Amino acid sequence: MTTMQSIKSSVACLLLAATAHAQATVSRHSAGKAVARSEAPASSNILRELDSSIEKVVDKVSPAVVQIVVAGYGPAEDHGHTDTATIVRQRAIGAGVIVDPNGYIITNAHVVEGAQRIRVILPSLPADSALDVQPIHAGQILEAKVLGLHRQSDLALLKVEATNLPSVHFRDEVRVRQGEVVLAIGSPEGLRNSVTMGVVSSVARQPDPDNPMVYIQTDAALNPGNSGGPLVDVDGNVVGINTLIFSKGGGSEGLGFAIPAEIVNFDYQHLRKYGHVQRVAIGAKAQSITPTLAAGLGLSKSWGAVISNINPDGPAAAAGLRTEDIIVAIDDRPIIALPEFVAALYLHPVEQELKIDVLRGTTPMSFKLPVTVYHETMDELSEVPDLQKNLIPEWNVFVTDLDEKLKALLPGDRSNAGILVVAQASGTNAVETGLQQGDVVCAIGHTSLQSVSQLKQMLATLKSGDPVVLQVERDGKLQYLAFEME
């Protein structure tokens with residue numbers, strides 16, 4: 001019997017035992033105390049069988065779950081929400097899961113970004129562990145390096161110099177089911193190798209309407225430090241990577257979210273091969289159909305996803321797609337709602353044409369269109385190296401010299417030189433400059449800026465109360481920012 005069959009059998013037996021117990025209670029006065037006493041051993045055995053099944057899953061997975069300790073700079077966080085535009089000095093603790101015995105580890109991007117040093121702590125297993133062989137590296141602390149990260153999915157790939165490590169497998173060929181029993185393993189509040197259990201609350205949740213990412217929602221208890229750890233099924237396969245919680249108090253409230261294994265595996269393959277994730281774009285955006293939207297536009301369906309915007313220069317426009325087209329399928333994959341549309345685009349290979357089926361009015365139509373590679377913009381800016389060297393403490397910003405690679409990320413850029421604002425830093429003892437992430441500082445007063453070192457030299461000559469005027473390019477337009485030094 002498989003572990004899954006064992007747990008399902010145990011749960012069914014528990015229900016039968018509960019029913020029998022209720023019947024025994026009703027007839028207790030007529031049947032006597034001996035009946036109630038005879039039920040106890042059977043119920044106890046069923047609980048032990050359930051306990052043993054869960055223990056086997058934990059023994060299978062926990063040796064591959066590591067604790068990650070990071071020192072350096074990273075984005076500010078507020079109850080699980082990451083602000084990539086604000087960089088703070090931090091010491092972070094998270095979790096990761098070994099996905100290849102040769103030292104490849106998946107974790108969250110927000111756990112490791114801005115790190116100056118990353119250490120991976122392999123789990124130490126108890127002497128009575130059900131594993132036949134103890135991992136040869138158990139308990140070791142290994143230095144790790146980042147092979148690549150992707151901020152939109154919040155995933156990163158680490159590498160440690162070790163072999164023969166215990167590893168786990170992704171479950172991306174079988175769809176996750178609502179109500180399915182899952183286990184979460186990680187380091188909540190720094191407590192290594194902690195296990196919680198719950199169910200899948202939703203298989204495709206989009207908690208932030210402005211963020212296209214789709215998550216598995218679970219009520220398995222997640223807390224700070226669970227980030228990057230696996231969410232696994234009753235067979236010990238990874239169904240997701242835990243990434244965020246919704247909480248008013250900062251602790252678990254039963255609203256945890258994990259990146260689906262299908263997306264994790266897609267990003268893992270790309271990060272390992274290219275060091276970055278290649279995603280596709282078709283020059284069109286979609287939004288969820290509501291009954292009010294359907295009634296107002298006269299749509300033939302009151303649910304699903306509808307194309308709301310078409311880039312006139314993009315592949316979708318060239319293929320003949322229009323706004324108000326209702327999306328039926330992508331690559332023959334049914335689109336029931338907006339999350340399915342997002343996932344289908346995310347997982348489409350960059351080298352293949354995309355097939356999209358729509359309803360135009362009540363007429364079904366099918367299109368094939370080439371795709372373009374989607375490029376991140378602002379989120380890529382804070383990937384520049386040596387953030388500590390590029391901190392301007394007087395202004396609480398991180399900056400870098402503007403080069404051709406960075407210029408390509410800026411919309412409508414017209415500057416030939418300048419200093420790029422990579423991110424804002426946290427702090428209160430600085431001037432309110434008005435600078436934002438993505439700004440290009442072209443000049444101070446009448447002096448053009450060419451490098452970060454030039455900026456630092458100029459700041460050294462300024463004193464408290466001196467007026468400063470910056471010429472800044474923002475979204476392709478020039479403007480002035482004026483303030484006084486403190």
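The values are calculated or read from the model by the stated rules, or taken from the named source; none is laboratory data. The shown structure was predicted, so the numbers you read here are calculated from the model rather than taken from an experiment. Positions of Cβ are generated from backbone atoms using ideal geometry, with glycine treated the same way; all protein chains shown enter the neighbour counts.
Across the range 257-291, the qualifying residues are those that are out of contact with any Ser or Thr (no Cβ under 9 Å at 6 or more places or on another chain) and of a type in the set (S, T, N, Q), and the one among them that is surrounded by the fewest Cβ atoms within 10 Å (Cβ to Cβ) is Gln269. The one condition from (1) more than 20 Å from Leu347 (Cβ to Cβ); (2) in contact with a Pro (Cβ under 9 Å, 6 or more places away or on another chain); (3) of a type outside the set (D, E, K, R); (4) not in a helix (DSSP H, G or I) that Ala318 does not meet is (4). Among the residues that make up the range 373-383, is at least one of them at pLDDT 85 or above, among the hydroxyl-bearing types (Ser, Thr, Tyr), touching a strand residue (DSSP E or B) at 6+ places or on another chain (Cβ under 8 Å) and closer than 18 Å to Ile282 by Cβ? Within the range 373-383, none of the residues are at pLDDT 85 or above, among the hydroxyl-bearing types (Ser, Thr, Tyr), touching a strand residue (DSSP E or B) at 6+ places or on another chain (Cβ under 8 Å) and closer than 18 Å to Ile282 by Cβ. Scanning the range 321-336 for residues that are within 19 Å of Leu347 (Cβ to Cβ) and assigned to a strand (DSSP E or B) yields Ile327, Val328, Ala329, Ile330, Arg333, Pro334. Residues of the range 316-341 that are crowded, with 21+ Cβ neighbours inside 10 Å and not aliphatic (A, V, I, L, M): Asp325, Pro339, Phe341. Restricting attention to the range 222-256 and to residues that are of a type in the set (A, V, I, L, M, F, W, C) and touching a residue at least 60 places away in the same chain (Cβ under 8 Å), the residue that is surrounded by the most Cβ atoms within 10 Å (Cβ to Cβ) turns out to be Ile241. Scanning the range 449-466 for residues that are surrounded by 11 or more Cβ atoms within 10 Å (Cβ to Cβ) and closer than 18 Å to Thr400 by Cα yields Leu449, Gln450, Ser451, Val452, Gln454, Leu455, Lys456, Met458, Leu459.
Candidates in the range 175-195 are the residues that are out of contact with any Ser or Thr (no Cβ under 8 Å at 6 or more places or on another chain) and under 22 Å from Val111 (Cβ atoms); of these, the one that is surrounded by the most Cβ atoms within 10 Å (Cβ to Cβ) is Arg192. Considering the conditions (1) closer than 27 Å to Ala316 by Cα; (2) at pLDDT below 90, Pro291 is excluded by exactly one of them, (2).
Of the listed requirements (1) surrounded by fewer than 18 Cβ atoms within 10 Å (Cβ to Cβ); (2) out of contact with any Phe, Trp or Tyr (no Cβ under 8 Å at 6 or more places or on another chain), Ile307 misses just one: (1). Pull up the range 431-448, narrow it to residues that are in contact (Cβ under 8 Å) with a residue 40 or more places away in the chain and not charged (D, E, K, R), then point me to the one that is farthest from Asp403 (Cα to Cα). Applying the filter and picking the extreme gives Val431. When each of Leu338, Leu299, Leu345 is tested for being over 25 Å from the mean Cα position of the chain (by Cα), outside the structural domain of His110 (by TED's automatic domain parsing) and among the aliphatic types (A, V, I, L, M), the lone residue that passes is Leu299.
Can you tell me which residue in the range 415-444 is modelled with the highest pLDDT, limited to those that are among the aliphatic types (A, V, I, L, M) and in a loop (DSSP other than H, G, I, E, B)? Give the derivation first.
First pass over the range 415-444, keeping only residues among the aliphatic types (A, V, I, L, M): 417, 419-423, 425, 430-431, 435, 440-441, 443-444.
Keeping just the survivors that are in a loop (DSSP other than H, G, I, E, B) gives 417, 430-431, 435.
Numbers: Ala417: 75, Ala430: 62, Val431: 74, Leu435: 87.
Top of the filtered list is Leu435.
On inspection, Thr292 passes the criterion of being more than 30 Å from Asn193 (Cα to Cα), in a helix (DSSP H, G or I), over 19 Å from the mean Cα position of the chain (by Cα) and not assigned by TED's automatic domain parsing to the domain that holds Asp100. Considering (1) of a type in the set (Gly, Ala, Ser); (2) in a helix (DSSP H, G or I); (3) at pLDDT 90 or above, the lone condition that Gly96 does not fulfil carries the number (2). Picking from residues in the range 467-484 that are touching a strand residue (DSSP E or B) at 6+ places or on another chain (Cβ under 7 Å) and either among the charged types (D, E, K, R) or not in a strand (DSSP E or B) (or both), the one that is farthest from Thr400 (Cα to Cα) is Glu484.
Scanning the range 211-220 for residues that are at pLDDT 90 or above and of a type outside the set (Val, Ile, Thr), we see that the one that is surrounded by the fewest Cβ atoms within 10 Å (Cβ to Cβ) is Asp219. Here is the figure for the range 95-114: residues that are touching a Pro at 6+ places or on another chain (Cβ under 7 Å) and closer than 15 Å to Leu231 by Cα total 2.
Being under 20 Å from Leu222 (Cβ atoms) and without any contact (Cβ under 8 Å) to a residue 60 or more places away in the chain, is that true of even one residue in the range 151-171? The answer is no, given that none of the residues of the range 151-171 is under 20 Å from Leu222 (Cβ atoms) and without any contact (Cβ under 8 Å) to a residue 60 or more places away in the chain. Where strands (runs of 3 or more DSSP E) fall wholly inside the range 143-258, the ranges with 2 or more residues that are of a type in the set (Gly, Ala, Ser) are 181-186, 194-205. A single entry from Asp208, Asp172 fulfils the requirement of being more than 22 Å from Val112 (Cα to Cα), surrounded by 16 or more Cβ atoms within 10 Å (Cβ to Cβ) and out of contact with any strand residue (DSSP E or B) (no Cβ under 6 Å at 6 or more places or on another chain): Asp172.
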